[in-house]
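Structure first, then comments.
Quick note: the coordinates plus some simple rules give every number you see, no bench work behind them. This one's a predicted model, so the numbers in the text were calculated from it and none came from an experiment. Quick reminder, even Gly has a Cβ in these numbers, built from the backbone with ideal geometry, and neighbours come from all protein chains shown.
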Amino acid sequence: MKTYSDTIAYEAVSILRSGGVDKLMLSIQDYFYYKYEDKLAAVLHLLPHSLLFIRLWFRFARTLHPSHYTDADVMKLIQVDPDNIEYHQSGGPKGCGRIVGGNWDLVREPFQNHITYKSMEQKFDHGLDWKETDRFQQNLNRPEHSGRFSNKKDIKNHFERIEKTYKSIEMDGYYSQRTIYKKAPQKAIETNNSTLHPLFNEIAVNIYRDGTMEQTSSGNHRLSIAKLLNLDSIPVLVRTRHAEWQEIREQIRAANSLDEINPEYKKYLSHPDLYDILSDKRIKE
């Protein structure tokens, strides 16, 4: 009978044979990251200079695995029109600062079809009571103690918090998590339920090979609100870039003038994920 250790060893050998040392190291990192994510999140924001540590870690990871980690600052926020985030993740890649190839970006689920967006549209655009929305009914029909809610009161409180957030953004505008963290760090910590550090708890996006963006992981409620309020621009954090999009970034970074850029890539020069490259003034008209 195989033990747990035997199973882990077998999987490690299989990964090593199929993808080599590079893939094995990434798999080990992912294993510890997701196994101890809650414990890491509980202490990371308490460490002095934790953000510096995060940045240094990702630079180190890119040095070891340049084909798997982006050149971009992992904490960089980009300003995006909410309407330009057209899709949401459905089983795509996880992690931050990653480069992932393959066809994960070809399965595209429109964000407007997401049950969270549809329910908030039902509430705020069509005036339905929360109890009449799809998301409320979905949570209500789950067995007690399953998921994040243990009773009807938890569900009610959850939707009251959403409504409070909607009214706050409507009245005061949209604030990034780093702005909230500077003004009220404890609030940012308490509302962070899905990331390692409160400053990662932004609306998160992945970028497809053609520059199209999908919402992923954190921020689906806030993105829904931004769309429903027709906000012009919101700050978002990029988590994963498709390998082909990363190639576009790297070729544009290497260019010293527009003439050196592949003509097919010039249509992307206004993409917000390229502002960090173009702003270093190495690309000149």
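So here's what we get for this one:
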{"quantity": "Taking region 70-278 and dividing mean pair separation by its residue count, relative contact order in percent (alpha carbons under 8 Å, at least six apart)", "calculated": "32"}
{"quantity": "Long-range HN-HN contacts of Ile203 with modeled amide H, under 5 Å", "calculated": "Leu237"}
{"quantity": "Inter-probe distance in nm under a simple model that places probes 7 Å from Cα toward Cβ, at Val107 and Ile189", "calculated": "3.8"}
{"quantity": "DSSP-defined beta bridges in region 70-278 - what % are antiparallel, rounded to 5", "calculated": "50"}
{"quantity": "Spin-label pair Ser270/Ile115, simplified geometry with 7 Å Cα→Cβ offset, distance in nm", "calculated": "3.8"}
{"quantity": "Residues Leu269, Leu237, Leu77, sorted so that the one with the fewest Cβ neighbours within 10 Å comes first", "calculated": "Leu269, Leu77, Leu237"}
{"quantity": "Packing-based order for 178-191, 120-133, 223-236, using average beta carbon neighbours within 10 Å, highest first", "calculated": "223-236, 120-133, 178-191"}
{"quantity": "Amide H partners (placed H, <5 Å) of His88, local residues excluded", "calculated": "Glu109, Phe111, Gln215"}
{"quantity": "Gain upon complete extension [Asp172, Glu250; 0.36 nm per residue less C-alpha separation]", "calculated": "24.3 nm"}
{"quantity": "Full-extension gain in nm, Leu128 to Leu51, via 0.36 nm per residue minus C-alpha separation", "calculated": "23.5 nm"}
{"quantity": "Gain on full stretching of the segment that runs from Asn157 to Gln138 - 0.36 nm per residue minus C-alpha separation", "calculated": "5.3 nm"}
{"quantity": "Inter-label distance for Leu64 and Leu278, nm, one decimal - labels placed 7 Å from Cα along Cα-to-Cβ", "calculated": "3.5"}
{"quantity": "DSSP beta bridges in region 154-285 [antiparallel fraction, %, rounded to 5]", "calculated": "40"}
